[in-house]
Amino acid sequence: MALCACCSKVSTADSLVLGAIQIMIGIFSVFMWYLLLILYIGQIKGVFGTYEPITYKTGCSLWGIIFIISGVSIIRVARHPSPRLLTCTMIMNILCIIVAVIAVVLTVMELSSFESVSYRNYGQAKFGREISRVLLGFYPLELCIAFTYTIFGYVGLCCKNEDDHTTVTEEAESAF
């Protein structure tokens, strides 16, 4: 496996795989949000109202678009490495880390409390909570991928900056 020019710790093939996994997680999250949208729009207003969890109201699963953009940027930096692109990718991955942590917190809050809903909407609410449980398994995976790439990207960027600094210092010493 060839090493990525910017990041000496992650190979190009590994970067492509990490980016593809991030894209798949993002697409899955967006599709789950669409399923929740269809599920909760179809609720019938009953005596106890409708079930609209906080993750649905905030569009938590729709945040998968950020995962998709981050995955695309990882693939782009693996194919066309440059320090500027690596920095942008690291910023996107830090954003992914923040979004994943917020999504985990909101999903845990949703799953920890369940208010009574109309018997007509109970099945939809139960199915929606199951989707949230599935998504709760994917958010830590996204967090690990983004965190791993950010750390190795930072190490690669620091090593590249050290090499550049060492080269400049050696050239300056040889001039004297």
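The values are calculated or read from the model by the stated rules, or taken from the named source; none is laboratory data. All of these numbers come straight from a predicted model, not from anything done at the bench. We place every Cβ from the backbone using ideal geometry, glycine too, and count neighbours over all the protein chains shown. Note: accessible area is taken over every heavy atom of the protein model, side chains too, but ligands, DNA and RNA are not part of it. Shrake-Rupley method; radii C 1.70, N 1.55, O 1.52, S 1.80 Å.
Figure the gain on full extension for Ser82 and Cys158 (residue separation times 0.36 nm, minus the Cα-Cα span) and round it to one decimal in nm. So the extension gain works out to 26.1 nm.
Annotation: for a label point projected 7 angstrom from Cα along Cα→Cβ of Met109, residues of the stretch 58-76 with backbone N closer than 19 Å are 58-64. The local environment of Ser70, defined by Cβ-Cβ distances under 13 Å, has a net charge of 0 under the rule Lys, Arg +1 and Asp, Glu -1. Between Leu141 and Val17, the distance separating the two model label sites (each 7 Å from Cα on the Cα→Cβ line) works out to 1.4 nm. The calculated FRET efficiency for the pair Thr58 and Met24, based on their C-beta separation and a Förster distance of 30 Å, comes to about 0.85. Inter-label distance, Lys126 to Ile94: 4.5 nm, where each label sits 7 Å from its Cα along the C-beta direction. Heavy-atom accessible area for Tyr139, with the other protein chains in place and a 1.4 Å probe, reaches approximately 0 Å².
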